[in-house]
Amino acid sequence: MLESITAILPDLNKAFLETVYMVGISLAIALILGLPLGVLLFITAKNLFFENTFINSLLGFIVNLVRSIPYIILLVALLPFTKLITGTTIGPIAASVSLSVAAIPFFARIVETSLREIDKGIIEAAIAVGASPWMIIKDVLLAEAKPGIIQGLTLTTISLIGFSAMAGTIGGGGIGDLAIRFGYYRYDNTVMILTIIVLICLVQIIQIIGDKLSYLVDKR
Amino acid sequence: MIEIRSLRKEYITKKSRVVGVDDVSLTIQKGEIFGIVGYSGAGKSSLIRSINLLERPTKGQVIIDGVDLTKLSGKALRKQRLKIGMIFQHFSLISSKTVFDNVAFALKAAHQSPEAIRKRVLELLEMVGLSDKKDVYPAQLSGGQKQRVGIARALANNPTVLLCDEATSALDPTTTKAILQLLKKINKEFGITIVLITHEMEVVKELCHRVAVMQDGRIIEEGDVYGVFAQPKQALTKQFIESVLDFELPSHLIRESKGSIIKIQFEGQLASEAVLSDLLQEHPVKANILHGKIEYIQNIPLGILIVELTGNTNDIQAALDYINKRTSYVEVIHHA
């Protein structure tokens, strides 16, 4: 058994890096695009300072649309788009495209939910003081929702690790893919269990770090 | 000066249209402390929130120092809001920012330089007595301290008007007193016009120069505080005043009384005259004091005395006439 573990270590190492790579890229994109999208969803809602029913419903519809497609189908459906952007349809970078598309609306909804939990009185007080919309977004909305947003990032990261396993179907690689290839196709239980242990540890560590960070920034 | 002209605020829901403020006109003078009282749902909150356009009126105008706010929006409105401070029942501080940064937020909104902000924040915290709490987060403060931060934030940009939305309703009586004292000081020192809404007549008594009573979106009575306390006209106003000047007599006292029970009100100078003593010397009646107190409203005494007069009917009538002449108000609660 020890032999098979040693034999798999280089593969496991490579797979781990691929996972980090895919998840890292798509998480960064989810943060860059999903955060503003979530803020936009919130501030265009009824009775808020950028109330706009049209934009709100349109964005809400798009977010729901993407979120209702199972990831594996999204992955295949986005192949032409992936080809357009990355020039290829295989490998971790190609997989990052569909992972990002899945993560953006997911994270945006979490951001929106965290923003909704802010006491409306605080937003109102900021309006009364004469603050600009940008100041309210930066110093009130994002500051107050920070713990929730960090929790959301944790949740998104963990979901992305799960999704990335499916990215193996287009040669995305990663630990999940390793588990499927060795464990499922080759009945190699040792490798499968090993990869699962790695995944469990990874998820636990991410959750602990996320909780810790969220707790640290929470001043309520 | 704040002029509110024919202000109307309607809330349109899917099924109905609710009128929050119904054609209210008010003029609040510069440097005045103006109170608006009413029960919840009377529309006082909608009214005060219309003054800085947190709620846009359906109709009417709000003119502050000659500027009609209802004509403004966006940047121009934000600029005017810098001159209108507001404090809230639940303080509404940014919980993720320190006391210093909460106050600095208001100055940042006015595009002040970092040095100017620092100087002004420290000055404001000094004024509200929280210099030692500048690096603390709101969650670590007591209610009264939170409201002091709220006041510092509201005054940051030297406003001409301070709006207080039930500012003491979430505080205990001692803290309420301290906050009211602070507001009084601010009004005196900086000449800031203060508009406050409350359901506590005690607050009006302590602080206000003039008061308006609201019911069903309308102002039903308005006047200087002493006048309204001494001679309330509307039933609701009387109810509010009774909450402060509580003269409930035990019912058995009235049932078993053999004489006439009268309520005498002394206003201003009269409160310090020895009317009762004079009465007893000139009229052959006996007087038994059942209840009494003197309230000082803006340092003017308002005395109320409940007295049982016994004697023969004619003497009592003569005594009543005498009291009527010497005091401002007599009411017979119970006839002999």
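The values are calculated or read from the model by the stated rules, or taken from the named source; none is laboratory data. In this text the structure is predicted, and so the values were computed from the model without any measurement. Every residue, glycine among them, receives a Cβ derived from its backbone with ideal geometry; neighbour counts consider all protein chains shown.
Which number in (1) more than 12 Å from every other protein chain (Cβ to nearest Cβ); (2) surrounded by fewer than 24 Cβ atoms within 10 Å (Cβ to Cβ); (3) over 18 Å from B:Lys97 (Cα atoms) marks the one condition that B:Val195 misses?
(2)
Specify which of the listed residues (A:Ile206, A:Ile200, A:Ile196, A:Ile180) is away from chain B (no Cβ under 14 Å), closer than 17 Å to A:Ile72 by Cα and surrounded by fewer than 20 Cβ atoms within 10 Å (Cβ to Cβ).
From the options A:Ile206, A:Ile200, A:Ile196, A:Ile180, the qualifying one is A:Ile180.
I'd like to know if the stretch B:219-238 contains one or more residues that are part of a strand (DSSP E or B), within 14 Å of another protein chain (Cβ to nearest Cβ) and under 17 Å from the mean Cα position of the chain (by Cα).
No, the stretch B:219-238 contains no residue that is part of a strand (DSSP E or B), within 14 Å of another protein chain (Cβ to nearest Cβ) and under 17 Å from the mean Cα position of the chain (by Cα).
Name the one entry in B:Val332, B:Val307 that is within 23 Å of B:Ser251 (Cα to Cα) and surrounded by fewer than 16 Cβ atoms within 10 Å (Cβ to Cβ). Outline the logic, then answer.
Details: B:Val307 fails: surrounded by fewer than 16 Cβ atoms within 10 Å (Cβ to Cβ).
Just one listed residue meets the conditions, B:Val332.
Looking at the structure I just gave you, is B:Arg153 assigned by TED's automatic domain parsing to the domain that holds B:Lys30, of a type outside the set (Phe, Trp, Tyr), in a helix (DSSP H, G or I) and crowded, with 21+ Cβ neighbours inside 10 Å?
Values: assigned by TED's automatic domain parsing to the domain that holds B:Lys30: yes; of a type outside the set (Phe, Trp, Tyr): yes; in a helix (DSSP H, G or I): yes; crowded, with 21+ Cβ neighbours inside 10 Å: yes.
Yes; evaluated as a whole, the condition is true for this residue.
Filter the stretch B:314-336 for residues that are out of contact with any Ser or Thr (no Cβ under 9 Å at 6 or more places or on another chain) and among the β-branched types (Val, Ile, Thr); which is nearest to B:Glu282 (Cα to Cα)?
B:Ile323
This table checks each residue for (1) more than 14 Å from chain A (Cβ to nearest Cβ); (2) in contact with a Leu (Cβ under 7 Å, 6 or more places away or on another chain).
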residue: B:Met86; (1), (2): no, yes
residue: B:His90; (1), (2): no, no
residue: B:Ala106; (1), (2): no, no
residue: B:Met127; (1), (2): yes, no
residue: B:Pro138; (1), (2): no, yes
residue: B:Gly143; (1), (2): yes, yes
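Report the residue count in the stretch A:26-53 for those that are within 14 Å of A:Arg116 (Cα to Cα), not hydrophobic (A, V, I, L, M, F, W, C) and not in a loop (DSSP other than H, G, I, E, B).
1
Which condition number in (1) more than 11 Å from chain B (Cβ to nearest Cβ); (2) touching a residue at least 24 places away in the same chain (Cβ under 8 Å); (3) surrounded by fewer than 20 Cβ atoms within 10 Å (Cβ to Cβ) is the one that A:Lys146 fails?
Evaluating A:Lys146 over (1) more than 11 Å from chain B (Cβ to nearest Cβ); (2) touching a residue at least 24 places away in the same chain (Cβ under 8 Å); (3) surrounded by fewer than 20 Cβ atoms within 10 Å (Cβ to Cβ) leaves (1) as the failure.
Give just the number: which of (1) surrounded by fewer than 23 Cβ atoms within 10 Å (Cβ to Cβ); (2) farther than 27 Å from B:Glu200 by Cβ; (3) polar (S, T, N, Q); (4) within 9 Å of chain A (Cβ to nearest Cβ) does B:Ser96 not satisfy?
(1)
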